[in-house]
Structure formats: structure tokens, C-alpha cells
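The values are calculated or read from the model by the stated rules, or taken from the named source; none is laboratory data. Bear in mind the structure is a predicted one, so any value in this text is a computation, not a measurement. In this analysis, Cβ positions are derived from the backbone assuming ideal geometry, glycine residues included, and neighbour counts consider all displayed protein chains. Protein only, heavy atoms only, side chains kept; ligands, DNA and RNA dropped before computing areas. Shrake-Rupley method; radii C 1.70, N 1.55, O 1.52, S 1.80 Å.
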Amino acid sequence: FPTRRSSDLNGTKAKWQVNIPSEFSSTFDVRLDTLLDEPIVYLAMTGDKGALRLIWSPDVGAFALEDDYGRRVVTPLVRRAGDLITFGICQTPTMRCLFAASIQTGVIASGSEPFTPLGAFTSAQLHPA
């Protein structure tokens, strides 16, 4: 359960203590109510060895999974107001992957890079400040 939760014009904010191992896969949905042309962090997972963030990156016009070292897995997908995007994140011993699927259009996009795990994550946060 969230340790902090609020709702405002920027969307729901929540923070959880988690126990996500260094190798994992996870899916979750994000509703795009308002499309802003600025960097947006949708999810941040943090641990002792760094953070992994799911962001909208206007500089490349795509969603990206970015770590503290600036390494990115980029997944281009057209954003539409009101769309529900299903995201999938996967970290294997040798590969980091990001998947995104639009409910409105049925389009599925993905990207992967040969990045090693950052270590376990102990905190997850939606729309971190």
C-alpha cells in the first residue's frame, strides 16, 4: 500500500516500499489525461545502486527507461490524450527492455539495450517530485 498518495493537476502521486530484485519484469498502466511537451517522470524505482525512471522525453519524442548514468532504452509511441498505455519493463542479466502498448490504437512499441542490472529496488514512486 502507498505510504503517500495525493491527486492534483499533475496526476496521482504515490510512494511504496518495495522489494524488487535486480532481475525482474513488471507491467502497469498509465492514463495520459493531459499531454505536456516537457519531460515527465511517470515512475521512479530506487535502490542502493541507483534509480530507474520511466519518462516522457520530448527531446527524442519518445518514452524512455533511464538510469542514473544517463543510459536509456527508448520506445517511440504516439501519445494521444485520454489513451491508456500499458508499459512493460524487463531486466535480465544482460538486457534492459521497455514495452509500450496503446489501448486506443493497438500499436505496440519496444526497445532494448545491453545494460546490466542496477541492483535491487526498495522504493517505487508515481510522478515523483
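For this structure, a couple of remarks:
- FRET efficiency, residue 122 to residue 37 (Cβ-Cβ, R0 30 Å, nearest 0.05): 0.40
- Taken per residue, the accessible surface of the chain reaches 55 Å², heavy atoms only and a 1.4 Å probe.
- Under Karplus coefficients 6.51, -1.76 and 1.60, residue-wise ³J(HN,Hα) of the range 84-89 in Hz, glycine/proline x: 10, 9, 9, 9, x, 10
- Stretchable slack from residue 60 to residue 92, in nm (0.36 nm times residue separation minus alpha-carbon distance): 9.0 nm
- Couplings 3J(HN,Hα) of the range 66-80, computed from phi: 10, 9, 5, 9, x, 6, 10, 9, 9, 9, x, 7, 5, 8, 9 Hz, in residue order, whole Hz [Karplus 6.51 cos²θ - 1.76 cosθ + 1.60, θ = phi - 60°; x for Gly and Pro].
- Total charge dipole magnitude, the chain, about the Cα centre, Cβ charges on Lys, Arg, Asp, Glu only, Debye to nearest 20: 260
- This structure gives Kirkwood radius over Cα pairs in Å, computed directly, and of (i) 15.9; (ii) 14.9; (iii) 16.4 that value is listed as (ii).
- The range 53-112, accessible surface, carbon-and-sulfur percent (1.4 angstrom probe): 59
- Ranked by the mean number of other Cβ atoms within 10 Å of their residues, highest first, the peptides 32-40, 91-99 fall in the order 91-99, 32-40.
- More than 16 angstrom apart: percent of Cα pairs within the range 66-110: 43
- In plain terms, the chain from residue 16 to residue 108 could stretch by 30.3 nm, reckoned as 0.36 nm per residue minus the Cα-Cα distance.
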